[in-house]
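Below is one structure, written out as structure tokens; the observations come after it.
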Amino acid sequence: MQLKDIFASRAMRMKASEIRELLKLLDQPGILSFAGGIPDPNLFPAEAFAEAFQGALSGGQQAQSLQYSVSEGYLPLKEWIVGQMARMGVDCDPDNILITSGSQQGLDYLGKLFLSPGDTALVTAPTYLGALAAFNAYEPRYDQLNLSGNRTAQSYRDGAAQNGGAVKFAYLSADFANPTGETVGQADRERLLDLAEDLQCAIVEDGAYQDLRYDGDPVPPILALELAKKGTLDNCRTIYCGTFSKTLSPGLRVGWIVAARPVIAQMVLIKQAADLHSPTLNQMAVNTVARQQFDSHVEKVRAAYKARRDAMLRALKQHMPPGVDWTRPEGGMFIWITLPAGLDGAQLLARSLDSVKVAFVPGQAFFADGGGPNTIRLSYSVLDEAAIEEGIARLARLIAETLAE
Ligand code: PMP
């Protein structure tokens, strides 16, 4: 008998994907990597954080910064977030906010809060891999959220009932999504609100990339659109997940959730049971740095990523053979490539690592139930413009060769 034989059934849903295993091989020297969706470490405001941590550890502050604190989160930081949310059209109170250890923890807690085994979560195809990983532990069924198609609420309801559960939420990253880079337009956001009303389910709006818009007009958050209709956040079914990971630092693990008070109250209980609270010191440092320079810092981050996105779009246009298609994101970190049918993203990656030394993520990893074999995700956040141009030229050469075989 092995202990793994007695793991709970939920552990069976937590398998490392083959693709994830493959990604471990990507950190080799000499590889040009478009794989990791991570911020450029050269852009971290390290000096400001050094000072902020120093401040939080001296002058009597250490009695608070090194101590246990409340599960809800550090109040001054929540007050700063209230101001940020107001700028996006979401008027809320600190009581509508829970500080989480990154938005990833928020996704896990929302899975824990809403999903009984067999319940349905609606996700786009493709969707954020980490959201599937978080929800999988709660043994849901997935159904495809398709806003532009003509599926009725009843068809979602019937599918969920056949599986012995109900549709509990629709999860989406509405701005510059991971992995496609695409943004959901306002009309589709309104349609989603109607659908959620009909299904009596929640909407989980993942705002991870919301601050990284490089051009085009901002679209109001789904939560802002709902709030404008309902007047009070406590009547809203949309739950907004925010993070400092893509703007200030992912390593500090500070994110937040904005939702109706009854949802936050229950999430606080979940957090108490799971980890008591997110690190006080990190929350204090993020609060200090955000108040000092959030806007000017994010401006710098945007300028750097915009130049890289432009470099990648230029290189794709110049080098890719006919039949290859790609998204043109207005922000974020990702471009999604659709290869001619018959090409396989995972096979192309194996070949690419062997020959042209360019890494990316095969798109199939981002589908809840397979699909998208001929897609790949490219991230432009880390390499400089020259490396992006070189990497795309190499990749395009390999694709052209593969197509010619
Ligand atoms: N949502 C999306 C769409 C992401 O891409 C990521 C990070 N890759 C996260 C959430 C989680 O980020 P964090 O936990 O660092 O806030």
Check your understanding: How many residues does segment 302-360 hold that are surrounded by 21 or more Cβ atoms within 10 Å (Cβ to Cβ) and either in a strand (DSSP E or B) or touching a His at 6+ places or on another chain (Cβ under 6 Å) (or both)?
Key -> 7
Review point. Any idea which of (1) assigned to a helix (DSSP H, G or I); (2) crowded, with 22+ Cβ neighbours inside 10 Å; (3) of a type in the set (G, A, S); (4) within 16 Å of the ligand (Cβ to nearest atom) is the one A121 doesn't satisfy?
Key: (1)
Review point. How many of the residues in segment 124-152 are of a type in the set (G, A, S), crowded, with 20+ Cβ neighbours inside 10 Å and either part of a loop (DSSP other than H, G, I, E, B) or away from the ligand (no atom under 16 Å from the Cβ) (or both)?
Key: 0
Point to revise | Pairs where the first residue, in segment 95-122, is at positive phi and the second is among the basic types (K, R) and away from the ligand (no atom under 16 Å from the Cβ), C-beta under 7 Å, 6+ apart | key: G118/R141
Revision key, fill the gap. Across segment 125-164, the tally of residues that are over 25 Å from C241 (Cβ atoms) and of a type in the set (A, V, I, L, M) stands at 1
Practice item. Pairs only if they're at least six apart or on different chains, beta carbon under 6 angstrom, first in segment 239-255 and more than 15 Å from L43 (Cα to Cα) and β-branched (V, I, T), second within 7 Å of the ligand (Cβ to nearest atom) and assigned to a loop (DSSP other than H, G, I, E, B); list them, first residue then second. Key: T243/A208
Practice item. Filter segment 196-218 for residues that are surrounded by fewer than 23 Cβ atoms within 10 Å (Cβ to Cβ), in contact with a helix residue (DSSP H, G or I) (Cβ under 6 Å, 6 or more places away or on another chain), of a type outside the set (D, E, K, R) and not in a loop (DSSP other than H, G, I, E, B) and give the result. Key: L199
Check your understanding: Which residues, taken from segment 75-101, are in contact with a Pro (Cβ under 7 Å, 6 or more places away or on another chain) and either surrounded by fewer than 22 Cβ atoms within 10 Å (Cβ to Cβ) or under 17 Å from V289 (Cα atoms) (or both)?
Key -> L75, K78, E79, V82, M88, G89
Practice item. Please work out if V356 is at pLDDT 95 or above, farther than 22 Å from D211 by Cβ and touching a Lys or Arg at 6+ places or on another chain (Cβ under 7 Å). Key: yes
Revision key, fill the gap. Scanning segment 30-48 for residues that are part of a helix (DSSP H, G or I) and more than 16 Å from the ligand (Cβ to nearest atom), the one farthest from A285 (Cα to Cα) turns out to be N42
Review point. Which of the residues spanning segment 230-271 are within 12 Å of the ligand (Cβ to nearest atom), of a type in the set (A, V, I, L, M) and either buried (at least 24 other Cβ atoms within 10 Å of the Cβ) or in a strand (DSSP E or B) (or both)?
Key: L248, V254, I257
Review point. Just a yes or no: is a residue in segment 273-293 touching a helix residue (DSSP H, G or I) at 6+ places or on another chain (Cβ under 8 Å) and under 30 Å from A387 (Cα atoms)?
Key: yes
Review point. Can you pull out the residues in segment 347-385 that are without any contact (Cβ under 8 Å) to a residue 60 or more places away in the chain and closer than 17 Å to D40 by Cα?
Key: none
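The values are calculated or read from the model by the stated rules, or taken from the named source; none is laboratory data. Here the structure is a predicted model, which means the values were calculated and not measured. Glycine gets a Cβ as well: all are built from the backbone with ideal geometry, and neighbour counts include every protein chain shown.
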